[in-house]
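Contents: one structure, followed by commentary.
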Amino acid sequence: MQLHNEADFIIYFSDKNNGVPCNDYAQAFSSKGLFVPEACTQQPAGFPSQKTIFLQQTHSTDGIVISEQNNLANIKSFSRPGDYLITNQKKCALGILTADCLPIIIYDPINHVIANIHAGLKGSLAGIATTVVKMMHNNFGSNPEELRLFFGPAARGCCYQIGSEIVEKIKNWKQRSNCLLFKNENYYLDLALFNHIQLSEMGIPENAFCMDYACCTICDNGYNSYRRHGKQAERNITLAMLT
């Protein structure tokens, strides 16, 4: 596990030793909030949350904004679909599960708002990260140039082979060469760089991005990976919380 701990927020990245078992993951997503995996209820050391929320991730650009107007008691983990969580509430841990998809945490130090994003291939192509920046601006007044961003473990360009249909979808994007590699007669996509470029185009400065935790889940055996383990893959946990 890795813990990024600052005065105003904490980020937690699990690894294969403390992730969510495959069967628990499947049950959580089929029971609509009636079952929460034990790994999702345990507090990591140094992560003093009062409530933890996960969504039924659907590879969409939808999510939930949790503000002081919301009744947190009525929001149950895995009971609602979506792929991002945003809050200005302290001690409310926002959770996502991944196994090659990209966790993106966005923190607004001016308005004290944090977001946790599940950016898989489908969501990344649809612009989920930029959608969340816009939602933070619309709901809390966040400005792109003031944000801080943290990218977690995910499929990177060294290993993430994609098909020609994905290449076709981004063929007209001028920045594609910066995150799309061609080697050994195959195309490889770097999910982190793909989202990094999209966010940079919104005006987020380069020094706002932290890539310290963005290792490749496919070639790093310390993390769970769908590409390596298929349908039996466990899930990595990412938590983000305001303190």
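No lab work stands behind these numbers, since they all come straight from the coordinates. In this text the structure is predicted, and so the values were computed from the model without any measurement. For neighbour counting, all protein chains shown are included, and Cβ atoms are generated from backbone atoms with ideal geometry for every residue, glycine included.
So which chymotrypsin sites (Phe, Trp or Tyr not before Pro) in segment 24-120 are both in a DSSP loop and have at most 16 other Cβ atoms within 10 Å of their Cβ?
The qualifying sites are 35.
What translational diffusion coefficient, in µm²/s and rounded to a whole number, does the Stokes-Einstein relation yield for the chain at 37 °C and a viscosity of 0.692 mPa s, taking the hydrodynamic radius as the Kirkwood radius over Cα pairs?
183 µm²/s
Test of understanding: given the chain, find the longest segment containing no GluC sites (Glu not before Pro) that are in a DSSP loop and have at most 10 other Cβ atoms within 10 Å. Spell out each step's value before the answer.
Values: sites that count: 68, 185.
Longest run free of exposed loop sites: 69-184.
Cα-Cα over 24 Å: which of 122/231; 32/122; 90/134; 90/231?
90/231
Expressed as a fraction of 2.2 N^0.38 Å, the rule-of-thumb size for a compact globular protein of N residues, what is the C-alpha radius of gyration of segment 146-243?
In units of the globular-protein estimate, segment 146-243 measures up at 1.18.
With θ set to phi - 60°, apply the Karplus curve 6.51 cos²θ - 1.76 cosθ + 1.60 along segment 234-243 and write out the HN-Hα couplings as whole Hz, x wherever there is a Gly or Pro.
Values, residue by residue: 7, 10, 7, 9, 10, 10, 9, 8, 7, 10 Hz.
Could you give log10 I(q)/I(0) at q = 0.11, 0.16, 0.18 Å⁻¹ for segment 55-195, computed by the Debye formula over C-alpha point scatterers of equal weight, without solvent?
Evaluating at q = 0.11, 0.16, 0.18 Å⁻¹ gives log10 I(q)/I(0) of -0.43, -0.84, -1.01.
Restricting to DSSP loop positions (anything but H, G, I, E, B) with no more than 15 other Cβ atoms inside 10 Å of their own Cβ, which trypsin sites (Lys or Arg not before Pro) remain in segment 11-62?
Those satisfying the criteria are 32.
Please give the peptides 222-233, 123-134 ranked by average Cβ packing (other Cβ atoms within 10 Å per residue), highest first, as a rough proxy for protection.
On the way: 222-233: 16.8, 123-134: 20.6.
Result, highest mean Cβ count within 10 Å first: 123-134, 222-233.
Would you work out the relative contact order for segment 1-110, in percent, from Cα pairs under 8 angstrom that are 6 or more residues apart?
23 percent
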